[in-house]
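S.K.: Here it is: the structure, laid out below.
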Protein chains: 4
Amino acid sequence: MSTAIAHAAILLIHCPDRKGLVAAVTRFLAEHNGNILEIDQHVDKAHNVFFMRAKWDLEGFELPENRIAEEFQQAIAEPLDLTWQLYFTKNIPRMAVFVSKYAHCLHDVLARYSSGEWTVEIPLIISNHEDLRPLAEKYDIDYHHIPVTRDTKPQAEQLQLELLREHDIDFIVLARYMQILTADFVAKYPARIINIHHSFLPAFPGAKPYHSAYNKGVKVIGATSHYVTEKLDEGPIIEQDVIHVNHRHAVEDLVRKGRDLEKIVLSRAIWNHLQRKTLVFENRTIVFR
Amino acid sequence: MSTAIAHAAILLIHCPDRKGLVAAVTRFLAEHNGNILEIDQHVDKAHNVFFMRAKWDLEGFELPENRIAEEFQQAIAEPLDLTWQLYFTKNIPRMAVFVSKYAHCLHDVLARYSSGEWTVEIPLIISNHEDLRPLAEKYDIDYHHIPVTRDTKPQAEQLQLELLREHDIDFIVLARYMQILTADFVAKYPARIINIHHSFLPAFPGAKPYHSAYNKGVKVIGATSHYVTEKLDEGPIIEQDVIHVNHRHAVEDLVRKGRDLEKIVLSRAIWNHLQRKTLVFENRTIVFR
Amino acid sequence: MSTAIAHAAILLIHCPDRKGLVAAVTRFLAEHNGNILEIDQHVDKAHNVFFMRAKWDLEGFELPENRIAEEFQQAIAEPLDLTWQLYFTKNIPRMAVFVSKYAHCLHDVLARYSSGEWTVEIPLIISNHEDLRPLAEKYDIDYHHIPVTRDTKPQAEQLQLELLREHDIDFIVLARYMQILTADFVAKYPARIINIHHSFLPAFPGAKPYHSAYNKGVKVIGATSHYVTEKLDEGPIIEQDVIHVNHRHAVEDLVRKGRDLEKIVLSRAIWNHLQRKTLVFENRTIVFR
Amino acid sequence: MSTAIAHAAILLIHCPDRKGLVAAVTRFLAEHNGNILEIDQHVDKAHNVFFMRAKWDLEGFELPENRIAEEFQQAIAEPLDLTWQLYFTKNIPRMAVFVSKYAHCLHDVLARYSSGEWTVEIPLIISNHEDLRPLAEKYDIDYHHIPVTRDTKPQAEQLQLELLREHDIDFIVLARYMQILTADFVAKYPARIINIHHSFLPAFPGAKPYHSAYNKGVKVIGATSHYVTEKLDEGPIIEQDVIHVNHRHAVEDLVRKGRDLEKIVLSRAIWNHLQRKTLVFENRTIVFR
């Protein structure tokens, strides 16, 4: 879809399913002369829940931007018991990247950032190692080395949280960051920390998934991008992809091939997050089209 | 999506895009107490055309089935200048299969038919050869051998058309039928003849695409299912898929691997057609989700 | 690869890796004027094991067929400490199919069988249900209904084994057979029982994998064909493939899409087995090209 | 495969097929105590041509490196009429990159280069525009802006050729370079210029393939990496891959999704070229495993 619209609004909605929901929301937009740019909805019949995403042009929309939330709440959300979020495309999200030693995902993120593929700001990179500082410097991005050990993790996370606040960060991307975040940390960024795991989850969670895949003799390997929850490698999946392998591929070949999967899968997850196309419900991710 | 609903209605709509279309259609359904089962819409910004598919439960719908068309036309379609089609799921489509000598697509179609995967009737198989009669007989389906030569094609098509009328056929599947239909024949079943071509169109149209793919040294081969128009292998594409190959694959390997592609791709196209999820516009096929 | 050669021999070899193995085997074939049709080898560096498959034309080969094994053993295998198997393509493998109630894999197997895609005999179908008897009868294949309960499994397997012996069966295909074979049964057909599991193993072993995949919210589902060992769903994998899904797919959609994966993946595994392209080592399957 | 071997040799061979070729080559290596690391062969039955690639460890090999070519020529190649190339892994290939305005392929190439994924030197980037100079400077690589118009192309190519000679370049990668090279230029680097084309060739050659794909309504788009010959977009294909699309994807979405395909497909082609796994024959590329 076009991202060329100068200024648009996005509504993400969910509520118990019932008749007339699409009609109610679209009528609200139509009554204020809204030009719908993208619209998608889904009913989870197993849970009887309705989900909807609508994006509309604010050019010509007859409600002032600062009154949309209140009007929508009174006219639609309250009567119909909707849970909703409202975003304006003019507000550019601010993203922090956490890395360790592997460069490929960070390279890919920064290439997309610098070539303008994403509408995002990346003011901050945090790492538990020094290795990727030169790469951050190529792009003039603040790089903070915060070592983490089992004993120092609470203090390290305090430092991280301060940096995130200072830089006014909206969401975090773990670009092959090899430390486990505490539940406390995760709770501060619900559905706002995106991880890339180097396997087709739920197969091969934890460390060294390529070794496990090799030993198991699988004929397909994968990568999984998901929101981080307090349970390691079990958060709601945003994106997955796979590639065929065979008995000739040594572990190092799986690692090499997997790198390309990891960076592509992570970038698709970030894209969907940036487009406000994701909505988490019951540990599954709705990814609107 | 569930196909378990006993009786539902499906609307396919397209019209010039403007504000309020989704609101108007969904309000029509809501006002008559319609429970929307599936809904999807798309705006082709290049042509400024709006497309929509809505499926709703007729249980509890407060318009009698035989008045829906008229009411929709007066209340919505005429004022808004919509082009539309209305289907009822209780009307089971009747499909004819045209074949020549290759069995794999017919096998696959009949397996799905006999195991109830599709809601369809298949009362008629027509072939320009005798080869597949035994297979038709396994499933107790009328099999008509109508030889076709360049000189006899008009008469052959007359016979075919009579059989189609006699069996009250709604749409035709060319399951590796190796004869080209005339423009006259095609004109009688617009967007109602589904072909499977054994290449990734527009690459390798015409005869012997696997030989061409081999000679070209491609690393991927494909299959394409499309609606038949008067231009050979140029009709609007419904479904495509591909498989990786390499220099080791001889033409006969491509043929063998391609068979699996052909039957799967054809079956997906038939599934979408049966679900009334396809809408042809400007030689492209909208395939609603 | 061409299957048009009237009569060929196939050697499958493995042994500790060392220098000169390819030279020794290919020289043996060359010295007897053998025309190599296919050759592939692999070194598992982690285990330091050499694997090789060679297929050669027996036309013009200067060793009589009945002396090849002995000569190869004396001249090559004994001095070099090779483990090997020898097959002749004129000996057509005899395959039994075990099924329960799902028809799609059996349909696909029988379609390939009857259209001559595979060089195999299928004289026997065994099921713990009556449901698929009509399908077996379409193809005139013996169908034996052997009910299985926890208590009667030993007796049921005795009956099965007798039928397998009577029909001189070489290998067994479990085409969605929903009973677990005992270790005793499995031990009688090592690397000769092929199962299709309806998930991307090791994710979602056991029953109802599509339900588990739905609940987990995966974005890709798979199917896995493997040799059966005494550990359920853990045997060496022969073939896997996957398909993308999303939050819109209900369990029944996963089941429907999965059926196509299952039958294609199973058929590829059977193809490789029939071509003598598979060799099991340390719970992994070498699949020669 | 492992790239950890300090110093190895690679032979690429082709010749008319006949009996005993594998035996002859592998015996030559065995007689000099060569430890084969990788070996692959293929017979093109349509053309009756034999192809082989062998890589062996030079540690312990009993022929001095500077005598291998002569010995092989006398002992094997001349008697058997082989055409062959010999490479030593210690000689690191030198690659030039030609670019225009699109950054994504160059980003990807430089990321792999700087993180040591490839064993290659990249001393030179040439462009007909200034746009990507800052990116080249991030990696301290010589960047030469050589404008090209129809009239100045001969002079421009002279400048390019001089730079290639000065930098001792072995092969060239066209990373979305939007100028057509002359036949004279191409003739100087046979099978040594790698292009990435943004479609699944032979579909949509020439300019604006994403627009053509959109207009055609294809359900799959692709990218193709090939060696450049004097016929535009018709050189022997090294690597292809595809991604599914649908009617919702505007041209700009195809462009965005295609970028990821382009960079991955190009990188796989470069990898195979660097590993000396490619051999061109009759406008098809053998890609050894």
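S.K.: Excluding the sites themselves, what is the longest stretch of chain B that contains no GluC sites (Glu not before Pro) in a DSSP loop with at most 13 other C-beta atoms within 10 Å?
M.R.: Longest run free of exposed loop sites: B:131-281.
S.K.: While we're on this one: For chain D, take the longest principal axis of its alpha carbons; what is the angle in degrees between that and the long axis of helix D:153-166, to the nearest 10 within 0 to 90?
M.R.: Helix D:153-166 and the main axis of chain D meet at about 40 degrees.
S.K.: Here's another thing I want to ask about it. What does the accessible area per residue of region D:134-289 come to in Å², with a 1.4 Å probe and no ligands, DNA or RNA counted?
M.R.: Here the residues of region D:134-289 average 39 Å² of exposed surface.
S.K.: Could you tell me, in Å, what Rg and Dmax come out for the Cα atoms of region C:94-287?
M.R.: Looking at region C:94-287, its Cα Rg and Dmax stand at 16.1, 49 Å.
S.K.: With an 8 Å cut-off on Cα pairs and a minimum separation of 6 or more residues, tell me the relative contact order of region B:239-289 in percent.
M.R.: Taking the mean separation of contacting Cα pairs over the length of region B:239-289, I get 29 percent.
S.K.: Taking the Cα centre of each part, how many Å lie between region D:1-62 and region C:87-108?
M.R.: 38 Å
S.K.: In debye to the nearest 20, how big a dipole does region B:149-274 give about its Cα centre with +1 on each Lys and Arg Cβ and -1 on each Asp and Glu Cβ?
M.R.: Computed about the Cα centre, the dipole is about 560 debye.
S.K.: Something else about it: With the dipole of region D:94-287 worked out from charges on the C-beta (+1 for Lys and Arg, -1 for Asp and Glu) around the Cα centre, which of D:Val220, D:Thr285, D:Gln240 lies farthest toward the positive end?
M.R.: Of the listed residues, the answer is D:Val220.
S.K.: Scan region A:129-179 for trypsin sites (Lys or Arg not before Pro) in coil per DSSP, keeping those whose Cβ has at most 15 other Cβ atoms within 10 Å, and list them by number.
M.R.: Of the trypsin sites (Lys or Arg not before Pro), the ones in loops of region A:129-179 whose Cβ has at most 15 other Cβ atoms within 10 Å are A:Arg150.
S.K.: Considering protein heavy atoms only and a 1.4 Å probe radius, which residues within region A:264-278 exhibit an accessible-area decrease of no less than 10 Å² in the full assembly relative to the chain by itself?
M.R.: Those residues are A:Ile264, A:Arg268, A:Trp271.
S.K.: Counting only other chains, and only Cβ atoms inside 10 Å, what mean value do you get across the residues of C:27-33?
M.R.: Mean partner-chain Cβ count within 10 Å for C:27-33: 3.
S.K.: I would also like to ask the following. What FRET efficiency do you get for C:Glu65 and C:Asp168 if R0 is 22 Å and r is their Cβ-Cβ distance, rounded to the nearest 0.05?
M.R.: 0.60
S.K.: Please report the residue of chain A with the smallest beta-carbon distance to the A-to-D rotation axis, and give that distance in Å, no decimals.
M.R.: Taking the axis that maps A onto D, the answer comes out as A:Lys138, 2.
S.K.: Is there a simple number for the mean count of other chain Cβ atoms within 10 Å of the Cβ of residues in A:52-64, and what is it?
M.R.: That average works out to 0.
S.K.: How far is D:Gln73 from the same spot in each other copy, in nm, shortest first, if each label point sits 7 Å from Cα toward Cβ?
M.R.: 4.8, 8.5, 8.7
S.K.: Using the Cα centre of region D:2-71 as origin and beta-carbon charges of +1 (Lys, Arg) and -1 (Asp, Glu), tell me which of D:Leu58, D:Val25, D:Cys15 is placed farthest towards the positive end of the dipole.
M.R.: Sorting the options by dipole projection puts first D:Cys15.
S.K.: If you scale each eigenvalue of the Cα gyration tensor by 5 and take the root, what three semi-axes come out for region B:4-51, rounded to whole angstrom and sorted largest first?
M.R.: Over the Cα atoms of region B:4-51, the semi-axes work out to 23, 13, 7 Å.
S.K.: Once you keep just the Cα pairs under 8 angstrom separated by 6 or more residues, what percentage relative contact order results for region C:94-287?
M.R.: Reported relative contact order: 19 percent.
S.K.: Using protein heavy atoms only (no ligands, DNA or RNA), what is the total accessible area buried between C and B, 1.4 Å probe, nearest 100 Å²?
M.R.: Roughly 2200 Å².
S.K.: Nearest 20 debye, what's the magnitude of the dipole of chain D about its Cα centre given +1 on Lys and Arg Cβ and -1 on Asp and Glu Cβ?
M.R.: Computed charge dipole of chain D: roughly 1100 debye.
S.K.: Using Cα-Cα distances under 8 Å and only pairs 6 or more residues apart, what relative contact order does region A:39-112 have, in percent?
M.R.: 13 percent
S.K.: Any idea what the dipole of the protein assembly as shown comes to, in debye rounded to 20, about its Cα centre with Lys/Arg Cβ at +1 and Asp/Glu Cβ at -1?
M.R.: The calculated dipole for the protein assembly as shown is roughly 0 debye.
S.K.: Rounded, prolate or oblate: which fits region B:85-144 when a ≥ b ≥ c are the square roots of the eigenvalues of the alpha-carbon gyration tensor, with rounded for a/c under 1.5 and prolate only if a/b beats b/c?
M.R.: Since a/c reaches 1.5 and a/b is larger than b/c, the shape of region B:85-144 is classed as prolate.
S.K.: Here's a follow-up. Taking the dipole about the Cα centre of region D:94-287, with the C-beta of Lys and Arg at +1 and of Asp and Glu at -1, give me whichever of D:His144, D:Ser114, D:Asn272 is farthest to the positive side.
M.R.: D:Asn272
S.K.: Determine the distance separating the Cα centre of region C:191-236 from the Cα centre of region A:110-188; give it in Å without decimals.
M.R.: 38 Å
S.K.: Per residue of D:131-137, what is the mean number of Cβ atoms on other protein chains within 10 angstrom of that residue's Cβ?
M.R.: Partner-chain Cβ atoms within 10 Å, mean over residues of D:131-137: 1.
S.K.: Heavy atoms only, probe 1.4 Å: what % of the accessible area of region D:94-287 goes to carbon and sulfur, would you let me know?
M.R.: Reported share for carbon and sulfur atoms: 48 percent.
S.K.: State log₁₀ I(q)/I(0) for the protein assembly as shown at q = 0.04, 0.05, 0.07 Å⁻¹ as given by the Debye formula over alpha-carbon point scatterers of equal weight, solvent excluded.
M.R.: One equal scatterer on each Cα of the protein assembly as shown leads to -0.23, -0.37, -0.74.
S.K.: Which positions within region A:200-226 get 10 Å² or more of their accessible surface covered by the other protein chains, compared to the chain by itself, with a 1.4 angstrom probe?
M.R.: At a threshold of 10 Å² (probe 1.4 Å), the residues of region A:200-226 that become less exposed are A:Phe200, A:Pro202, A:Ala203, A:Phe204, A:Tyr214, A:Asn215, A:Lys216, A:Gly217, A:Val218, A:Lys219, A:Val220.
S.K.: Quick one: plug the Kirkwood hydrodynamic radius of region C:105-200 (C-alpha pairs) into Stokes-Einstein at 37 °C, 0.692 mPa s, and report D in µm²/s.
M.R.: This corresponds to a translational diffusion coefficient of 230 µm²/s.
S.K.: Right, next: What are the ³J(HN,Hα) values, in whole Hz, obtained from phi via the Karplus relation 6.51 cos²θ - 1.76 cosθ + 1.60 with θ = phi - 60°, for each residue of region D:62-78 in sequence order, with x given for Gly and Pro?
M.R.: 8, 9, x, 3, 7, 10, 4, 4, 5, 5, 5, 4, 6, 7, 10, 5, 5
S.K.: Could I ask something else about it? Roughly what % of Cα-Cα distances in region A:207-279 sit above 13 Å, to the whole percent?
M.R.: 67 percent
S.K.: Related question: For helix D:21-31, what angle does its Cα long axis make with the longest principal axis of chain D, in degrees from 0 to 90 and rounded to 10?
M.R.: Compared with the principal axis, the helix lies near 70 degrees.
S.K.: Between B:Asp81 and C:Ala207, what is the label-point separation in nm under the 7 Å Cα-to-beta-carbon projection?
M.R.: 6.0 nm
The values are calculated or read from the model by the stated rules, or taken from the named source; none is laboratory data. Computed from a predicted structure; not experimentally measured. Note: ideal-geometry Cβ built from the backbone for every residue, glycine included; neighbour counts use all protein chains shown. Calculation scope for accessible area: heavy atoms of the full protein, side chains included, ligands and nucleic acids excluded. Shrake-Rupley method; radii C 1.70, N 1.55, O 1.52, S 1.80 Å.
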